[in-house]
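The values are calculated or read from the model by the stated rules, or taken from the named source; none is laboratory data. Bear in mind the structure is a predicted one, so any value in this text is a computation, not a measurement. Note that we place each Cβ from the backbone using ideal geometry, even for glycine, and neighbour counts take in every protein chain shown.
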Amino acid sequence: MIRQPMPVTFYSPVLERRLTFYVCLPPGYETSGRQYPSIYLLHGRFGSEIDWPYKGAAYETISRLTASGQLTEAVVIMPSDGGFSQGTYYTDWHDGSGRFEQYFIQDLIPFVESQYRIKSERSSRAIGGLSMGGFGSLYFALRHPDKFAAAGSMSGALGMFPQTGNLHLGPDWSVEMLERVVGPLDGPYALERNLAILAARVIKQADLPALYFDCGTEDFLYESNLWFKDQLTKLNYPFTYQDFPGSHTWEYWSEHLADVLLFLNRHISRHS
(Lines give C-alpha, C1' and ligand atoms only; values in the text may rest on other atoms or scores of the structure.)
Protein backbone atom coordinates (compact mmCIF):
# COMPACT_ATOMS: atom_id res chain seq x y z
CA MET A 1 0.00 0.00 0.00
CA ILE A 2 1.19 3.53 -0.78
CA ARG A 3 2.42 5.39 2.28
CA GLN A 4 0.64 8.59 3.25
CA PRO A 5 2.53 11.66 1.99
CA MET A 6 5.18 12.78 4.49
CA PRO A 7 6.34 16.39 4.99
CA VAL A 8 10.09 16.88 4.60
CA THR A 9 11.89 20.12 5.47
CA PHE A 10 15.15 21.02 3.77
CA TYR A 11 17.37 24.07 3.36
CA SER A 12 17.54 25.89 0.03
CA PRO A 13 20.92 27.62 -0.40
CA VAL A 14 19.54 29.57 -3.37
CA LEU A 15 16.65 31.08 -1.37
CA GLU A 16 18.57 30.99 1.94
CA ARG A 17 15.70 29.52 3.91
CA ARG A 18 13.98 26.32 4.92
CA LEU A 19 11.23 24.92 2.73
CA THR A 20 8.97 21.89 2.90
CA PHE A 21 7.84 19.33 0.34
CA TYR A 22 5.62 16.27 0.66
CA VAL A 23 6.80 12.92 -0.63
CA CYS A 24 4.67 9.87 -1.43
CA LEU A 25 6.65 6.61 -1.49
CA PRO A 26 5.56 3.48 -3.38
CA PRO A 27 4.65 0.19 -1.66
CA GLY A 28 7.64 -1.75 -0.39
CA TYR A 29 10.02 1.17 -0.86
CA GLU A 30 11.87 0.48 2.41
CA THR A 31 12.73 -3.12 1.52
CA SER A 32 12.82 -3.30 -2.28
CA GLY A 33 16.26 -1.82 -2.88
CA ARG A 34 14.94 -0.60 -6.24
CA GLN A 35 15.39 2.79 -7.83
CA TYR A 36 12.21 4.52 -8.95
CA PRO A 37 11.10 7.13 -11.45
CA SER A 38 9.93 10.46 -10.03
CA ILE A 39 6.90 12.68 -10.59
CA TYR A 40 6.71 16.25 -9.30
CA LEU A 41 3.27 17.80 -8.66
CA LEU A 42 3.14 21.61 -8.47
CA HIS A 43 0.49 23.68 -6.68
CA GLY A 44 -1.23 26.86 -7.84
CA ARG A 45 -1.27 30.49 -6.75
CA PHE A 46 -2.18 31.26 -3.15
CA GLY A 47 -1.52 27.58 -2.43
CA SER A 48 1.32 25.61 -0.91
CA GLU A 49 2.87 22.18 -0.69
CA ILE A 50 -0.05 20.97 1.44
CA ASP A 51 -2.56 21.44 -1.37
CA TRP A 52 -2.12 18.21 -3.31
CA PRO A 53 -2.02 15.95 -0.22
CA TYR A 54 -4.94 17.60 1.59
CA LYS A 55 -7.13 19.26 -1.05
CA GLY A 56 -6.39 17.37 -4.24
CA ALA A 57 -6.81 13.75 -3.08
CA ALA A 58 -3.36 12.98 -4.49
CA TYR A 59 -2.73 10.13 -2.07
CA GLU A 60 -6.02 8.43 -2.89
CA THR A 61 -5.55 8.83 -6.65
CA ILE A 62 -1.94 7.59 -6.63
CA SER A 63 -2.87 4.62 -4.42
CA ARG A 64 -5.79 3.63 -6.63
CA LEU A 65 -3.83 3.86 -9.88
CA THR A 66 -0.82 2.03 -8.44
CA ALA A 67 -2.93 -0.76 -6.94
CA SER A 68 -4.67 -1.29 -10.28
CA GLY A 69 -1.36 -1.46 -12.12
CA GLN A 70 -2.15 1.58 -14.25
CA LEU A 71 0.56 3.68 -12.61
CA THR A 72 4.13 2.47 -12.43
CA GLU A 73 5.49 2.62 -8.89
CA ALA A 74 7.14 6.03 -8.53
CA VAL A 75 8.24 8.54 -5.91
CA VAL A 76 5.86 11.52 -6.07
CA ILE A 77 7.09 14.87 -4.75
CA MET A 78 4.76 17.79 -3.97
CA PRO A 79 6.93 20.87 -3.38
CA SER A 80 6.50 24.53 -2.44
CA ASP A 81 6.76 27.16 -5.16
CA GLY A 82 9.03 29.13 -2.83
CA GLY A 83 6.19 30.74 -0.89
CA PHE A 84 6.70 34.35 -1.97
CA SER A 85 4.16 37.09 -2.62
CA GLN A 86 0.99 36.13 -4.53
CA GLY A 87 2.70 33.21 -6.27
CA THR A 88 6.17 32.81 -7.72
CA TYR A 89 5.32 31.19 -11.07
CA TYR A 90 8.34 28.98 -10.41
CA THR A 91 10.60 31.40 -12.25
CA ASP A 92 13.44 33.73 -11.31
CA TRP A 93 11.95 37.19 -10.84
CA HIS A 94 13.22 40.02 -12.99
CA ASP A 95 13.41 42.41 -10.01
CA GLY A 96 15.62 40.01 -8.06
CA SER A 97 13.02 39.25 -5.37
CA GLY A 98 13.57 35.53 -5.67
CA ARG A 99 15.33 32.85 -7.69
CA PHE A 100 12.54 30.31 -7.66
CA GLU A 101 13.55 28.49 -10.84
CA GLN A 102 17.08 28.06 -9.52
CA TYR A 103 15.73 26.82 -6.19
CA PHE A 104 13.75 24.11 -7.97
CA ILE A 105 16.43 23.01 -10.43
CA GLN A 106 19.58 23.50 -8.34
CA ASP A 107 18.36 22.76 -4.81
CA LEU A 108 15.13 20.74 -4.74
CA ILE A 109 15.77 18.10 -7.41
CA PRO A 110 19.35 17.32 -6.28
CA PHE A 111 18.24 17.14 -2.63
CA VAL A 112 15.34 14.79 -3.40
CA GLU A 113 17.53 12.55 -5.51
CA SER A 114 20.17 12.44 -2.77
CA GLN A 115 17.64 11.37 -0.13
CA TYR A 116 15.54 8.82 -2.03
CA ARG A 117 16.27 5.97 -4.42
CA ILE A 118 15.27 7.90 -7.52
CA LYS A 119 16.63 7.48 -11.00
CA SER A 120 18.46 10.63 -12.00
CA GLU A 121 18.01 10.21 -15.74
CA ARG A 122 15.75 12.61 -17.63
CA SER A 123 13.85 9.63 -19.01
CA SER A 124 12.60 8.76 -15.50
CA ARG A 125 11.58 12.25 -14.37
CA ALA A 126 8.23 13.94 -15.09
CA ILE A 127 6.34 16.97 -13.78
CA GLY A 128 2.73 18.14 -13.56
CA GLY A 129 0.70 20.85 -11.89
CA LEU A 130 -2.43 22.98 -11.73
CA SER A 131 -3.04 26.63 -12.63
CA MET A 132 0.22 28.47 -11.82
CA GLY A 133 1.75 25.02 -11.34
CA GLY A 134 0.51 24.07 -14.81
CA PHE A 135 2.53 26.93 -16.21
CA GLY A 136 5.46 25.92 -14.01
CA SER A 137 5.37 22.34 -15.24
CA LEU A 138 5.38 23.20 -18.95
CA TYR A 139 7.86 26.02 -18.34
CA PHE A 140 10.33 23.72 -16.59
CA ALA A 141 10.04 21.06 -19.28
CA LEU A 142 10.54 23.55 -22.12
CA ARG A 143 13.25 25.57 -20.39
CA HIS A 144 15.06 22.45 -19.21
CA PRO A 145 14.27 19.75 -21.77
CA ASP A 146 17.30 17.81 -20.55
CA LYS A 147 15.62 17.39 -17.14
CA PHE A 148 12.08 16.15 -17.87
CA ALA A 149 10.71 13.47 -20.16
CA ALA A 150 7.14 14.74 -19.86
CA ALA A 151 5.05 17.55 -18.41
CA GLY A 152 1.35 17.96 -17.71
CA SER A 153 -0.87 20.91 -16.87
CA MET A 154 -4.40 21.24 -15.53
CA SER A 155 -6.15 24.60 -15.89
CA GLY A 156 -2.77 26.15 -16.58
CA ALA A 157 -2.09 29.88 -16.49
CA LEU A 158 -0.21 29.40 -19.74
CA GLY A 159 0.14 33.02 -20.80
CA MET A 160 -2.64 35.05 -22.43
CA PHE A 161 -1.37 37.13 -25.30
CA PRO A 162 -3.42 40.07 -26.59
CA GLN A 163 -2.69 41.52 -30.02
CA THR A 164 0.34 43.32 -28.61
CA GLY A 165 1.91 39.91 -27.96
CA ASN A 166 2.59 40.79 -24.33
CA LEU A 167 2.87 38.15 -21.66
CA HIS A 168 0.05 37.89 -19.11
CA LEU A 169 0.35 35.25 -16.39
CA GLY A 170 -2.05 36.39 -13.68
CA PRO A 171 -5.28 37.84 -15.13
CA ASP A 172 -5.83 39.79 -11.90
CA TRP A 173 -2.29 41.19 -11.72
CA SER A 174 -1.49 44.79 -12.51
CA VAL A 175 1.18 45.53 -15.10
CA GLU A 176 3.41 46.74 -12.26
CA MET A 177 3.10 43.42 -10.44
CA LEU A 178 3.67 41.39 -13.59
CA GLU A 179 6.76 43.43 -14.46
CA ARG A 180 8.26 42.50 -11.10
CA VAL A 181 8.28 38.93 -12.38
CA VAL A 182 9.12 39.28 -16.08
CA GLY A 183 10.31 42.84 -16.60
CA PRO A 184 9.01 44.90 -19.56
CA LEU A 185 6.24 42.86 -21.14
CA ASP A 186 7.75 43.06 -24.61
CA GLY A 187 11.31 42.65 -23.38
CA PRO A 188 13.74 39.74 -23.76
CA TYR A 189 13.25 38.51 -20.18
CA ALA A 190 9.49 38.21 -20.70
CA LEU A 191 10.02 36.42 -24.00
CA GLU A 192 12.00 33.75 -22.13
CA ARG A 193 8.79 33.05 -20.17
CA ASN A 194 6.65 32.75 -23.30
CA LEU A 195 5.82 29.04 -23.63
CA ALA A 196 5.30 29.28 -27.38
CA ILE A 197 8.76 30.75 -27.91
CA LEU A 198 10.30 28.08 -25.67
CA ALA A 199 8.46 25.35 -27.59
CA ALA A 200 9.70 26.76 -30.92
CA ARG A 201 13.24 26.54 -29.61
CA VAL A 202 12.89 23.03 -28.20
CA ILE A 203 11.27 21.57 -31.30
CA LYS A 204 14.62 21.82 -33.07
CA GLN A 205 15.91 19.13 -30.72
CA ALA A 206 15.64 15.41 -31.35
CA ASP A 207 14.14 14.38 -28.00
CA LEU A 208 11.14 16.58 -27.19
CA PRO A 209 9.49 16.65 -23.77
CA ALA A 210 6.03 15.12 -24.10
CA LEU A 211 3.34 17.69 -23.29
CA TYR A 212 -0.19 17.24 -21.94
CA PHE A 213 -2.64 19.93 -20.85
CA ASP A 214 -6.34 20.13 -20.09
CA CYS A 215 -8.80 22.77 -18.93
CA GLY A 216 -12.42 23.13 -17.91
CA THR A 217 -14.62 24.78 -20.50
CA GLU A 218 -16.00 27.15 -17.84
CA ASP A 219 -12.55 28.04 -16.52
CA PHE A 220 -11.40 31.67 -16.76
CA LEU A 221 -8.10 30.30 -18.16
CA TYR A 222 -9.79 28.32 -20.94
CA GLU A 223 -8.85 30.87 -23.63
CA SER A 224 -5.25 30.78 -22.45
CA ASN A 225 -5.17 27.02 -22.97
CA LEU A 226 -6.74 27.32 -26.41
CA TRP A 227 -4.08 29.90 -27.26
CA PHE A 228 -1.30 27.47 -26.34
CA LYS A 229 -2.99 24.65 -28.23
CA ASP A 230 -3.05 26.86 -31.32
CA GLN A 231 0.61 27.81 -30.88
CA LEU A 232 1.75 24.19 -30.61
CA THR A 233 -0.36 23.22 -33.61
CA LYS A 234 1.32 25.92 -35.72
CA LEU A 235 4.72 24.64 -34.60
CA ASN A 236 3.82 21.00 -35.33
CA TYR A 237 4.89 20.25 -31.77
CA PRO A 238 3.22 16.97 -30.70
CA PHE A 239 0.94 17.33 -27.70
CA THR A 240 -2.16 15.96 -26.02
CA TYR A 241 -4.93 18.39 -25.12
CA GLN A 242 -8.32 17.72 -23.56
CA ASP A 243 -11.09 19.89 -22.24
CA PHE A 244 -13.89 18.86 -19.93
CA PRO A 245 -16.90 20.47 -18.31
CA GLY A 246 -15.75 22.31 -15.21
CA SER A 247 -14.12 25.40 -13.80
CA HIS A 248 -11.14 26.44 -11.68
CA THR A 249 -11.90 24.22 -8.69
CA TRP A 250 -10.47 21.42 -6.60
CA GLU A 251 -13.37 19.27 -7.72
CA TYR A 252 -12.07 19.53 -11.30
CA TRP A 253 -8.40 18.98 -10.38
CA SER A 254 -9.12 16.01 -8.12
CA GLU A 255 -11.20 14.39 -10.84
CA HIS A 256 -8.61 14.88 -13.59
CA LEU A 257 -5.37 14.30 -11.68
CA ALA A 258 -5.52 10.71 -12.93
CA ASP A 259 -5.45 11.92 -16.55
CA VAL A 260 -2.22 13.82 -15.94
CA LEU A 261 -0.57 11.03 -13.96
CA LEU A 262 -1.39 8.38 -16.55
CA PHE A 263 0.01 10.56 -19.33
CA LEU A 264 3.23 11.21 -17.43
CA ASN A 265 3.45 7.53 -16.52
CA ARG A 266 3.44 6.47 -20.17
CA HIS A 267 6.59 8.46 -20.77
CA ILE A 268 8.59 7.37 -17.74
CA SER A 269 7.39 3.78 -17.28
CA ARG A 270 9.02 2.57 -20.49
CA HIS A 271 12.39 3.28 -18.89
CA SER A 272 11.60 1.90 -15.43
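Quick look at the values:
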{"item": "Any chance Glu30 is modelled with pLDDT of 95 or more and either in contact with an Asp or Glu (Cβ under 6 Å, 6 or more places away or on another chain) or among the charged types (D, E, K, R) (or both)", "result": "no"}
{"item": "Among (1) touching a residue at least 24 places away in the same chain (Cβ under 8 Å); (2) in a loop (DSSP other than H, G, I, E, B); (3) farther than 18 Å from Phe140 by Cβ - the single one Gly87 does not satisfy", "result": "(3)"}
{"item": "Residue match in region 205-216 (condition: under 17 Å from Gly128 (Cα atoms), under 19 Å from the mean Cα position of the chain (by Cα) and among the charged types (D, E, K, R))", "result": "yes"}
{"item": "Yes/no for Tyr54 being surrounded by fewer than 20 Cβ atoms within 10 Å (Cβ to Cβ) and either touching a Lys or Arg at 6+ places or on another chain (Cβ under 9 Å) or of a type in the set (S, T, N, Q) (or both)", "result": "no"}
{"item": "Flag if His43 is buried (at least 17 other Cβ atoms within 10 Å of the Cβ), over 19 Å from Val8 (Cβ atoms), touching a residue at least 40 places away in the same chain (Cβ under 8 Å) and touching a Phe, Trp or Tyr at 6+ places or on another chain (Cβ under 7 Å)", "result": "no"}
{"item": "Helices (runs of 4 or more DSSP H) wholly inside region 128-228 containing at least 2 residues that are in contact with a Ser or Thr (Cβ under 9 Å, 6 or more places away or on another chain)", "result": "132-143, 175-182"}
{"item": "Within region 105-164, considering residues that are β-branched (Val, Ile, Thr) and under 25 Å from Ser254 (Cβ atoms), the one surrounded by the most Cβ atoms within 10 Å (Cβ to Cβ)", "result": "Ile127"}
{"item": "Residues of region 66-81 classified as under 14 Å from Ile39 (Cα atoms) and either part of a strand (DSSP E or B) or not polar (S, T, N, Q) (or both), total", "result": "8"}
{"item": "Residue that is modelled with the lowest pLDDT [pool: residues in region 118-169 that are within 13 Å of Asp81 (Cβ to Cβ), in contact with a His (Cβ under 8 Å, 6 or more places away or on another chain) and hydrophobic (A, V, I, L, M, F, W, C)]", "result": "Met132"}
{"item": "Single condition Glu101 does not satisfy, out of (1) part of a loop (DSSP other than H, G, I, E, B); (2) crowded, with 22+ Cβ neighbours inside 10 Å; (3) not hydroxyl-bearing (Ser, Thr, Tyr)", "result": "(1)"}
{"item": "Residues of region 74-91 classified as surrounded by fewer than 20 Cβ atoms within 10 Å (Cβ to Cβ) and either in contact with a Lys or Arg (Cβ under 9 Å, 6 or more places away or on another chain) or not hydrophobic (A, V, I, L, M, F, W, C) (or both), total", "result": "3"}
{"item": "Boolean, Tyr54 is in contact (Cβ under 8 Å) with a residue 24 or more places away in the chain and of a type in the set (Phe, Trp, Tyr)", "result": "no"}
{"item": "Residues that are over 28 Å from His248 (Cα atoms) and either in a loop (DSSP other than H, G, I, E, B) or modelled with pLDDT under 95 (or both), drawn from region 3-27", "result": "Arg3, Pro13, Val14, Leu15, Glu16, Leu25, Pro26, Pro27"}
